[in-house]
Every structure is written in structure tokens, then in C-alpha cells.
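Only one structure is covered here, and it is reproduced in the block below.
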Amino acid sequence: MGRKLLFDKAHIENIRYYDVYRANGGYDSAEKALKSMTPELVLEEVKKSGLRGRGGAGFPTGLKWSFIAKPEGVPRYLVCNADESEPGTFKDRYLMEFLPHLLIEGLLISSYTLGANSCYIYIRGEYAWIPDILEEAIADAKKNGWLGKNIQGSGFDLEIYVQRGAGAYICGEETALIESLEGKRGNPRIKPPFPAVKGLWDCPTVVNNVETLATVVPILRIGGEEYAKYGIGKSTGTKLISACGNINKPGVYEIEMNISVEEFIYSEEYCGGIANGKRLKACIPGGSSVPILPANLLLKTAKGEPRMMTYESLSDGGFATGTMLGSGGFIVLDEDQCIVKNTLTFARFYHHESCGQCSPCREGTGWMERVLKNIEKGKGKMSDIDLLWDIQRKIEGNTICPLGDAAAWPVAAAIRHFRDEFEWHVLNPEESQVRNFGLAHYADPLEIAAPAAV
Amino acid sequence: MFSEEKLNKVKEIIARYPQGKQKSALLPVLHLAQEEFGGWLSAETMDYVASLLQITPIEVYEVATFYSMFNMKPVGKHVFEVCHTGPCMLRGSDNIIDYIKKKLNIGVGETTQDGLFTLKTVECLGACGYAPMMQLGKHFREHLTPEKVDEIINECRAKAN
């Protein structure tokens with residue numbers, strides 16, 4: 001069994017309630033921080049842990065916190081990003097539903113470290129039942145002296161509020177989230193200034209993902225140095241992976257970042273193999289925006305080494321032969337799945353979710369969707385494949401926020417690795433409507449299936 | 001107009017933000033208004049919300065139209081919002097959507113003549129591991145099969161009677 005730091009107590013009945021959480025060591029980390037550590041010392045521990053943002057970008061959390069501006073007399077804010085909307089990702093939902101106090105304890109320690117006296121949890125609107133769970137937990141924490149004024153006699157004050165979004169993927173981008181929290185459309189802001197200097201209501205603000213903030217609790221419990229001993233290299237600690245698609249056991253798993261992709265997919269402890277006795281065709285390991293890889297490149301890097309569930313190993317080879325750990329939204333496709341169709345659903349998704357501010361994204365996402373729809377319906381031309389490649393290249397890097405990149409990458413990777421499947425759709429317009437291209441050579445050993453340069 | 005109780009709720013929401021930042025209450029108050037006034041936001045409703053928060057009506061319109069959860073026209077009593085993004089598609093969401101269309105005899109975006117059901121397709125709701133799924137009111141209905149869809153339809157009809 002892999003070691004657990006977030007879900008180590010998840011099996012305990014009623015752990016979502018205060019009394020049970022507290023009786024099992026809950027709020028011990030917060031107590032330690034408030035009673036025996038300065039904010040600077042907590043920050044040191046987080047830096048030592050090597051914790052990286054769990055929302056997808058993987059930016060070092062301690063470093064992000066150290067950027068927060070501290071002008072005299074200006075409030076600072078911590079915002080918890082619970083807008084989990086990247087297709088394939090549903091890990092934060094699990095954490096909030098079943099371990100709400102773990103998150104609240106993490107918010108308390110993090111707010112203390114940053115000197116923030118108000119903290120907002122911005123949760124996606126569709127998770128409509130979760131604010132009740134969080135608000136109940138907040139009320140119980142407050143009743144027991146973990147929120148409010150002069151927490152546990154430390155002199156530190158904190159209030160936590162839950163704010164529901166209303167259906168917009170873009171609000172997971174931190175500046176769009178801040179705009180939304182201010183009661184506006186979720187249009188990302190131009191950076192700089194960064195939120196650490198000018199964020200919510202123009203005050204210094206840190207925005208972190210749910211899992212990132214919850215992870216601060218075990219870091220303080222075992223110490224930053226000890227935490228850094230989990231995992232491999234710069235991928236320290238554990239990561240929540242939400243596994244879905246054509247596997248036997250979809251769900252949310254906590255993994256130590258030292259196991260191979262093969263073990264994650266095929267072991268009984270995790271995904272339990274491909275469903276219905278089918279074979280693995282492809283996988284998108286970090287949420288819909290990261291590059292899709294064919295089975296052969298997924299399980300082994302281009303160098304022939306086993307691919308590991310770490311930031312570095314998953315991105316080994318760059319976009320030519322690698323992908324990204326991203327948010328940990330692990331989407332598995334079996335041999336019966338159509339890459340064109342799958343790519344089309346993601347193109348439609350990003351078109352739907354583009355805020356419309358930047359023309360490359362606003363126009364390009366819709367254009368890609370239309371071209372892909374044509375190919376999928378057997379009405380595509382060979383030149384459409386090159387056109388798609390051209391459009392995605394003109395979106396990538398040319399927008400205010402990363403949604404443009406997120407929309408471009410899945411299309412680019414699908415063409416890069418599955419170009420012959422796209423061509424087959426164009427050349428076999430009728431056949432492609434009644435059957436799928438199938439596994440083809442995508443699971444063959446690497447030397448045969450080396451991706452064609454595009 | 002909100003009831004006294006709802007007006008108190010609005011006050012409580014506004015108190016979460018610093019003085020003068022009551023515009024931040026817009027999304028929560030629009031959710032409240034949509035629940036209270038028939039499941040959608042009419043121009044009158046949006047103007048009312050603007051007056052409550054002391055902002056201009058256009059500030060409400062531009063926000064309400066941006067977010068997919070706010071309905072800009074009337075919907076049925078029960079709205080089936082079926083996810084059809086990649087992970088749900090891989091687990092057969094297309095079949096579920098087709099089944100609901102046939103069963104209710106409506107297309108996507110339409111409402112049954114009795115005003116009971118609206119069918120919508122939506123993008124990823126964060127339940128990929130429990131696909132196919134739909135949102136129904138406040139909750140998710142997961143691991144959908146035709147049989148489960150039948151049960152849900154019956155359940156909604158029973159509630160209406």
C-alpha cells in the first residue's frame with residue numbers, strides 16, 4: 001500500500017464531522033502553528049516541503065506565498081480555488097465532501113502564514129450541495145475556537161466564507177476567479193500586476209487550489225523535510241489523482257509520487273486495469289488540456305524508461321513525446337474509442353468556455369470545433385488536418401490567460417500522435433461513421449510507433 | 001420581491017465583504033433570485049437584484065449572461081443537464097442523451113409541453129469517475145443507465161402530482 005498523507009484517515013467513519021476529526025489528531029497542526037511557530041517559520045516548512053501547486057501549474061507554493069506584498073494597513077486575502085472544472089478532474093470535490101475540516105485546517109494555517117484575516121472559498125456553482133457541508137464545518141470549527149477572533153488565544157483572527165460560482169471554467173484561472181468574486185464576468189486580467197500585489201479588491205491576494213491548501217496540514221504534522229522525502233526529486237509528497245474513462249475502478253486516489261503509470265493503471269490498488277478486458281489505447285493523464293499520449297509513449301518515455309507518476313517523468317520528452325501531470329485528471333481511453341471524437345468534445349468544451357476577450361481564443365476555439373466536427377462526421381478534407389494544426393499554433397501563446405494554450409494542446413497532441421486516425425476519417429467517410437479506427441499500432445513497442453514529426 | 005427571510009439572507013451575504021464591496025454578492029444573490037422566481041432570470045428580476053445591490057442593471061445583465069447556470073428564459077420544472085464532455089462521452093453519455101430525447105420526445109434545449117422537463121447538454125461537471133451523469137437541481141445523478149433515467153423521470157412526475 002502506498003503511503004497516504006491526505007487520505008490517511010479518510011476511512012474513519014464520520015471523519016467529516018468536527019468531533020471525530022479532532023479526536024483523530026485534527027487541528028493539531030493548526031495548534032502547533034498558532035501556539036509555537038511564527039508565520040515565517042511555517043513558510044520555511046512549506047518551502048522545505050517542496051510542495052507545488054496542485055491545481056495544475058505545479059508552481060512552488062512556498063515561493064508563491066513569499067511574493068505576497070505587505071503594505072502597511074492594507075488587508076491581505078487568501079482565496080481557495082475550488083472551481084475544479086478541468087475535464088477529468090474531480091479530486092477537490094472528494095476532499096471537500098469527505099474531509100472538509102482538513103481543508104479548513106489548511107486554510108487556517110495558510111491564512112496565519114500569509115497574515116490574511118479573511119479567506120474565501122470559491123467553489124464551482126454546480127457543486128451546489130458542497131457549500132452546505134463546508135458551511136456546517138466552518139460553523140463547527142468556529143464554535144470550537146478555530147475561527148473567529150483571537151483563535152486559541154493566539155491573537156490571530158480569521159473568518160472563512162464560501163462563495164459559489166455559476167458555471168464558468170475560466171473562473172479557475174486565478175485572476176478570472178478574483179473578477180468573479182468581485183461580482184463581475186470571469187474575464188482574466190493582464191498580469192502584471194500579479195494577485196500577490198494587486199488581487200481581490202486590489203489588495204494582496206494568494207489564490208491556491210483546495211488540495212494544495214489541505215496539504216499544508218500534513219506538512220506541518222510531519223515537517224517539511226520529512227514531507228520532501230516522499231516522492232521523487234522535485235515531485236515531493238503525494239498527489240490526488242482522479243481516474244476516469246475506460247478503467248475498472250474509476251475514483252480518487254492518493255498516490256505517492258514514486259509509482260509508475262503502468263502500476264497506477266493496472267494494479268488492483270488503483271485503477272484495476274482497463275474495463276471489459278479491453279486494451280489501452282491512449283491516456284490524458286493531467287486533465288483535458290494536457291497532451292494525449294498513445295499507450296506506448298504513456299507507459300515508457302521515448303528513452304525507453306518506465307514513465308512515472310511525477311511532474312518530471314510525465315513531461316519527459318517535452319510535448320514531442322511527453323505530456324504533463326497537470327491537475328491529476330487521469331482520463332483513460334480503451335481500444336474502442338475514437339480519438340477524433342474525443343478531441344472534438346474537448347474542442348467544443350474550450351469553445352464553450354472561452355471568455356471571448358482575446359480573438360485567437362474566441363474565434364480559434366470555435367473554428368477548431370467546426371473543423372473537427374466535419375472530420376468526425378466524415379465530411380472532412382485532408383487539408384483540414386493541416387488547417388487544425390495551423391489554428392492551434394496561432395492560439396497558443398497569443399492570449400491573456402492559459403485557456404488558449406489549454407484549447408490548443410489537446411488538438412495539437414491528437415494530430416501529433418494520431419494523425420493517421422484523422423486521415424483514415426477523411427479517406428473513409430462512410431466506414432468511419434459505422435466503426436472506429438481501433439487500437440491500430442498505438443500500443444506497439446516504441447521503435448515502431450515513434451511519432452511522426454508534424 | 002424577496003421575502004423578509006430572503007432579504008435577511010441577502011444582508012448576511014453582503015456582510016461577508018468589506019464595506020462598499022456589495023457587488024461581490026451578485027452571483028450568490030442571482031442564485032437566490034433564480035431559485036425564488038421560477039428558475040430563470042427575467043429582466044425584472046435582474047433589475048430588482050441591481051436595486052438591492054445598488055449597482056446598475058447593465059452590471060447585472062452582463063454577469064447573468066456570462067455564467068451558464070443562469071437561465072435567461074423559462075425552463076421546465078425539472079432540468080436534466082446531461083454532461084457530454086470527453087470522460088462522460090467515453091462512458092456512453094451519447095446513449096443517455098438519445099434515450100432521454102426519445103423518452104421525453106424533446107430535443108436538446110427543449111421543454112416538454114407540460115412544462116415538466118427541460119433537456120440540456122452541459123460541459124464537464126466534475127463527476128468524470130461516476131459517468132455518465134447529469135445535474136438535477138442541487139444534486140448530481142451518477143452512473144446513469146436507461147433504467148436509472150426511467151426512475152428519475154418517474155420520481156420527478158411523482159413530485160409534480
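The values are calculated or read from the model by the stated rules, or taken from the named source; none is laboratory data. All of these numbers come straight from a predicted model, not from anything done at the bench. When we count neighbours, we look across all protein chains shown, and the Cβ atoms used for this are built from the backbone with ideal geometry, even at glycine. Ligands, DNA and RNA are stripped out before the accessible areas are found, and what is left, the full protein with its side chains, is counted by its heavy atoms. Shrake-Rupley method; radii C 1.70, N 1.55, O 1.52, S 1.80 Å.
Look through A:Ala176, A:Ala196, A:Ala228, A:Ala168 and report the one residue that is small (Gly, Ala, Ser) and open to solvent by less than 10 Å² (accessible area, probe 1.4 Å). So that I can check it myself, show each step before the final result.
Numbers: A:Ala196 fails: open to solvent by less than 10 Å² (accessible area, probe 1.4 Å); A:Ala228 fails: open to solvent by less than 10 Å² (accessible area, probe 1.4 Å); A:Ala168 fails: open to solvent by less than 10 Å² (accessible area, probe 1.4 Å).
Residue meeting the stated conditions: A:Ala176.
Please count how many residues of region B:121-151 are more than 10 Å from every other protein chain (Cβ to nearest Cβ), of a type in the set (Lys, Arg) and surrounded by fewer than 20 Cβ atoms within 10 Å (Cβ to Cβ).
1
Just to be sure, is A:Ile415 surrounded by 17 or more Cβ atoms within 10 Å (Cβ to Cβ) and touching a Pro at 6+ places or on another chain (Cβ under 6 Å)?
No.
If I ask for residues that are at the interface with another protein chain (Cβ under 9 Å from one of its Cβ atoms) and surrounded by fewer than 21 Cβ atoms within 10 Å (Cβ to Cβ), which ones from region A:319-336 would you list?
A:Asp334
Hey, among A:Lys48, A:Lys4, which residue is open to solvent by 10 Å² or more (accessible area, probe 1.4 Å), outside any loop (DSSP other than H, G, I, E, B) and touching a residue at least 24 places away in the same chain (Cβ under 8 Å)?
On the way: A:Lys4 fails: outside any loop (DSSP other than H, G, I, E, B).
Unique residue meeting the criteria: A:Lys48.
Which residues, counting only those in region B:26-81, are within 9 Å of chain A (Cβ to nearest Cβ) and in contact with a strand residue (DSSP E or B) (Cβ under 8 Å, 6 or more places away or on another chain)?
B:Leu27, B:Pro28, B:His31, B:Ser68, B:Glu81
Check whether at least one residue in region B:110-118 is within 19 Å of A:Ala168 (Cα to Cα), touching a His at 6+ places or on another chain (Cβ under 8 Å) and among the β-branched types (Val, Ile, Thr), and report yes or no. Walk me through how you get there before you give the answer.
Within region B:110-118, the first condition is being within 19 Å of A:Ala168 (Cα to Cα), and the residues that meet it are none.
No, the conditions are met nowhere in region B:110-118.
Can you tell me how many residues within region A:337-363 are at the interface with another protein chain (Cβ under 8 Å from one of its Cβ atoms) and basic (Lys, Arg)?
Here the count works out to 2.
Restricting attention to region A:290-318, which residues are open to solvent by 30 Å² or more (accessible area, probe 1.4 Å), part of a loop (DSSP other than H, G, I, E, B) and over 17 Å from A:Arg416 (Cβ atoms)? Quick ask: steps written out before the conclusion?
Here is the first cut: in region A:290-318, the residues open to solvent by 30 Å² or more (accessible area, probe 1.4 Å) are A:299-300, A:302-306, A:308, A:312, A:315-318.
Filter again for part of a loop (DSSP other than H, G, I, E, B), leaving A:302-305, A:315-317.
Listed by number, the residues that qualify are A:Lys303, A:Gly304, A:Glu305.
Filter region B:93-107 down to residues that are loosely packed, with under 14 Cβ neighbours inside 10 Å and outside any helix (DSSP H, G or I) and give me whichever is farthest from the other protein chains (Cβ to nearest Cβ).
Checking each candidate, the answer is B:Asn105.
Could you tell me which numbered condition A:Val207 fails, if it satisfies all but one of (1) assigned to a strand (DSSP E or B); (2) at positive phi?
Single failed check for A:Val207: (2).
Taking A:Asp384 and the conditions (1) open to solvent by 70 Å² or more (accessible area, probe 1.4 Å); (2) touching a residue at least 40 places away in the same chain (Cβ under 8 Å); (3) over 20 Å from the mean Cα position of the chain (by Cα), which numbered condition does it fall short on, given that it satisfies the others?
Among (1) open to solvent by 70 Å² or more (accessible area, probe 1.4 Å); (2) touching a residue at least 40 places away in the same chain (Cβ under 8 Å); (3) over 20 Å from the mean Cα position of the chain (by Cα), A:Asp384 violates only (1).
Listed here are the residues, each with its yes/no results for (1) within 17 Å of the chain's Cα centre (by Cα); (2) farther than 13 Å from A:Thr215 by Cβ; (3) in the same structural domain as A:Ile255 (by TED's automatic domain parsing).
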| position | (1), (2), (3) |
| --- | --- |
| A:Leu5 | no, no, no |
| A:Ala69 | no, yes, no |
| A:Ala82 | yes, yes, no |
| A:Arg93 | yes, yes, no |
| A:Phe98 | no, yes, no |
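Among (1) assigned to a helix (DSSP H, G or I); (2) more than 16 Å from A:Ala320 (Cα to Cα); (3) touching a residue at least 24 places away in the same chain (Cβ under 8 Å); (4) within 28 Å of the chain's Cα centre (by Cα), there is one condition A:Ala414 misses while meeting the rest; what is its number?
Failed condition: (2).
Take region B:40-70 and flag every residue that is part of a loop (DSSP other than H, G, I, E, B), crowded, with 17+ Cβ neighbours inside 10 Å and within 17 Å of the chain's Cα centre (by Cα).
Initially, region B:40-70 is screened for residues part of a loop (DSSP other than H, G, I, E, B), giving B:40-42, B:54-56, B:65-70.
With the extra rule that they be crowded, with 17+ Cβ neighbours inside 10 Å, the set shrinks to B:41, B:55, B:66-70.
Within region B:40-70, B:Leu41, B:Phe66, B:Tyr67, B:Ser68, B:Met69, B:Phe70 meet the criteria.
How about region A:129-138: which of its residues are closer than 21 Å to B:Ser24 by Cβ and out of contact with any strand residue (DSSP E or B) (no Cβ under 7 Å at 6 or more places or on another chain)?
Of the residues in region A:129-138, the ones closer than 21 Å to B:Ser24 by Cβ are A:130-132, A:134-135, A:138.
Scanning region A:129-138 gives a single hit, A:Asp132.
Regarding A:Lys379, is this residue touching a helix residue (DSSP H, G or I) at 6+ places or on another chain (Cβ under 7 Å) and surrounded by fewer than 24 Cβ atoms within 10 Å (Cβ to Cβ)? Give the derivation first.
On the way: touching a helix residue (DSSP H, G or I) at 6+ places or on another chain (Cβ under 7 Å): no; surrounded by fewer than 24 Cβ atoms within 10 Å (Cβ to Cβ): yes.
Criteria not met by A:Lys379.
Within region A:274-328, can you find the residues that are within 30 Å of A:His351 (Cβ to Cβ), of a type in the set (S, T, N, Q) and in contact with a strand residue (DSSP E or B) (Cβ under 6 Å, 6 or more places away or on another chain)?
Once the filter is applied, which keeps residues that are within 30 Å of A:His351 (Cβ to Cβ), of a type in the set (S, T, N, Q) and in contact with a strand residue (DSSP E or B) (Cβ under 6 Å, 6 or more places away or on another chain), region A:274-328 yields A:Thr323, A:Ser327.
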